[in-house]
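This report refers to the structure that appears directly beneath it.
Just so you know, all these numbers are worked out from the coordinates, no wet-lab data involved. All values derive from a computational prediction rather than experimental measurement. Cβ sites come from the backbone with ideal geometry, for glycine too, and all protein chains shown count toward neighbours.
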Amino acid sequence: MDLVKYSQDGGVATITLNRPPVNALNPALIADIDAAIGLAEDRRVRAVVITGSPHFAAGADIGGFQKSFEAGDTDRQASGLTEAVARLANLEKPTIAAVSGFALGGGLELAMGADFRYLAEGAKVGQPEVLLGIIPGAGGTQRLARLVGPQRCIDLCMTGRHVKADEALRIGIADKVFPDDDLLAAALAEAEAFAQGPTQAYAAIKRAVSRGFDRSLEEGLAIEAEQFATVFGTADARIGVSAFLAKERPEFTGA
């Protein structure tokens, strides 16, 4: 992976986009992101931080779009990123996107694949594809609508405007905002806390929410019950219950 740095410290994996100057998303970078997410599927990894500096990812490499026009290749421009974002979203462990600088277009779509988005105070996010005469193609209209509601999503996608960190927090794109210099350390500290937790329960929460979100209440409750039964049989459930009864702090293993 030439364009992504992957590291692991204990149970926390860090994926750092590394295509200066702005981490513009081209097929090579997207392939490396996907490969790094694949490494993070390892069961020894119990939480993931994905980041980039000074910009998380300022969007697609527009020069690649021009080449596609010239080659007549316009069918699957966003497919690689769509698959990488889905792979991130489906990781069965907590994930945090630590966003500094710009997260625009595909950059925001990538960040929305994480469970949490932590923004630096100076960060800006948005879906500006409409300014090029196109629309988001890797989940922007769908994941953004689920975060901020359909009407606000339409506003952001139709205007293409940049959203500052304070507004992103207010409308639900960001979960937390930190001073620029504190962002990565804060994200890593929270990832470490997750890495000490009941990984199987975290995974079950993600499955229950994602599978039940668009279902009827009855169907959602059935999905929740199924996931509860699955988690109730784990080693961590026994550890958690025993520790509670003994008035001790549980030492979860992730199993």
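Our estimate of slack between THR230 and GLN8, defined as 0.36 nm per intervening residue step minus the Cα-Cα distance, is 77.1 nm. Comparing mean-square fluctuations of GLN196, GLN127, GLN151 from a GNM of the chain with C-alpha springs under 10 Å, the top value falls on GLN151. Distance distribution P(r), region 199-245, all Cα-Cα pairs, bin width 10 angstrom from 0: 28, 45, 22, 5 percent. Converting the Cα gyration tensor eigenvalues of region 117-165 into ellipsoid dimensions via √(5λ) gives semi-axes, longest first, of 17, 13, 10 Å. Between 0 and 90 degrees, rounded to the nearest ten: what's the tilt of helix 217-232 against the longest Cα principal axis of the chain? For helix 217-232, the angle is close to 60 degrees. With respect to the chain, whose longest principal axis is taken over its alpha-carbon atoms, helix 62-71 is tilted by about 60°.
Across region 4-195, the fraction of Cα-Cα pairs farther apart than 22 Å, rounded to a whole number, is 41%. For the chain, relative contact order (Cα pairs under 8 Å, six or more residues apart, normalised by length) works out to 16 percent. Taking the chain as the region of interest, the number of lysine pairs whose Cα atoms are within less than 25 Å, with members eight or more places apart or on different chains, is 9. Compared with the dominant principal axis of the Cα atoms in the chain, helix 27-39 is inclined by about 0°. The length gained on full extension between LEU131 and GLU167, counted as 0.36 nm times the residue separation minus their Cα-Cα distance, comes to 10.9 nm.
Arrange the peptides 223-231, 49-57, 85-93 so that the one whose residues have, on average, the most other Cβ atoms within 10 Å appears first. Mind showing how you got there, number by number?
Values: 223-231: 15.8, 49-57: 24.4, 85-93: 19.6.
Result, highest mean Cβ count within 10 Å first: 49-57, 85-93, 223-231.
With charges only on Cβ, +1 for K and R and -1 for D and E, what is the dipole size of the chain about its Cα centre, in debye, rounded to 20?
Numbers: 25 positive and 33 negative charges, 60 e Å.
Here the chain has a charge dipole of around 280 debye.
Between GLU251 and ARG43, the simple label model (points 7 Å from Cα in the Cβ direction) yields a spacing of 2.0 nm.
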